[in-house]
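Data first, discussion second: the structure below is written as structure tokens.
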Amino acid sequence: MSAVTVHQVSRPLGFPSVDDFRFVRSRVPEATPGTALVENLLWSVDPYHREMMDGLFELGAPLEGRTVGRVVASRDPGLVEGEVVLHRQGWRTHAVVRPEEVRRLPAFDGVPLSAFLGHLGGTGLTAYVGLTRIARIQPGEDLYVSGAAGGVGTSTARFAKLLGAGRLVGATGSPDKAVHLTSQVGYDVAFDYHDGPVEELLAQAAPDGIDVFVDNVGGPHLAAAVAALRDFGRVVRIGTIAQYNAGRPVPSLIDDSVVVEKSLRIEGFLVKDHGSVQEELYDFAVPHIQSGRLALDETVVDGFEHILDAFLGMLRGENTGKIVVRAT
């Protein structure tokens, strides 16, 4: 048996392609003193990977990313063979890790491992922190979410409803996804942003305005939301998908005077700075998953050999919910 890693080998100009990557085979590594060998089971592909390809990922090295695996050989008492862990060594079939580099995953009855990359992982933690720490959402408040059909967008909607939010409006990239958001995810209204100017579409979907905007996209969505926000509204800046493949910032053309006149707050954050909220997220979400009230929104791609297809498909918007690659 061999180990396989995915290396980035070039910087993309615009939308990435398979030519920017290479699958590399090698012998399965061995655990050394103080480490353990993990055989990976699930991989996360995320929009932020595209941003990091422009300079933050090292060329000729395996891509970083959240991964769930099982300890198969250990030379450290802090890591037990058979234990399931989450680590960030990314796009490879096997990883050698130290105890401080992993998070041991609890075994919750009725909760599949994929949830630790979705609602219970960095995706869900981003949504939860955005709602509870940045927006400080209050019962009955109305939300608008851009990138609503992605992993963070679906977690945001489901968490917001559980937290007592009012009306949910989502923007997505196709009419089929808009239908899915309202019929399956819990959005009250959803629109395809290709159907016209976003500001007009949002005004039609939320004629009485919104209290919170959770922004995964940036660009015209941010400008439209600022116009629609009520007094003391909040903008939670999570991602800027609109510019990841553009190679340049996409202007938002915000009316700065409105930010002052409405006493608006615009705040961004990085989920890595909020790891202390992880246990709180478990306490909040796990009982709802177990009861069936919190459904998992996932697109699962089988086979590590298809991880590039999953990544590029996610960037094209082909997934609904969190996209996860599963070992076969």
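Beta bridges from DSSP with both residues in the chain: antiparallel share about 55 percent, rounded to the nearest 5. Counting other Cβ atoms within 10 Å as a rough exposure proxy, the listed residues Thr328, Thr320, Thr156 run Thr328, Thr320, Thr156 from fewest neighbours to most.
As a proxy for reagent exposure, Leu229, Leu253 were ordered by neighbouring Cβ count within 10 angstrom, fewest first; the result is Leu253, Leu229. Straightening the chain between Arg11 and Ser26 buys 3.0 nm, computed as 0.36 nm per residue apart minus the Cα-Cα spacing. Here is how the number arises for the chain: DSSP H runs of 4 or more residues each give -39500 (n - 2.57), the sum is divided by the residue count, and the result at 222 nm is -7000 deg cm²/dmol. Give me the lysines in straight-line cross-link reach of Lys272: C-alpha distance below 22 Å, same-chain residues under 8 apart excluded. Of all the lysines, those that pass the test against Lys272 - Cα under 22 Å, at least 8 places apart if same chain - are Lys322. Once you reduce the range 211-230 and the range 251-328 to the center of their Cα atoms, the two points are 17 Å from each other. With neighbour counts taken as other beta-carbon atoms within 10 Å, the residues Val68, Val214 rank, fewest first, as Val68, Val214. Positive end of the dipole of the range 122-272 (Cβ unit charges, origin at the Cα centre): among Gly268, Thr172, Phe213, the Cα lying farthest that way belongs to Gly268.
Every number in this text was worked out from the coordinates using simple rules, so none of it is lab data. This structure is a prediction, so every number in the text was calculated from the model and none was measured. Heads up, the Cβs are rebuilt from the backbone with ideal geometry, glycines too, and the neighbour counts pull from every protein chain shown.
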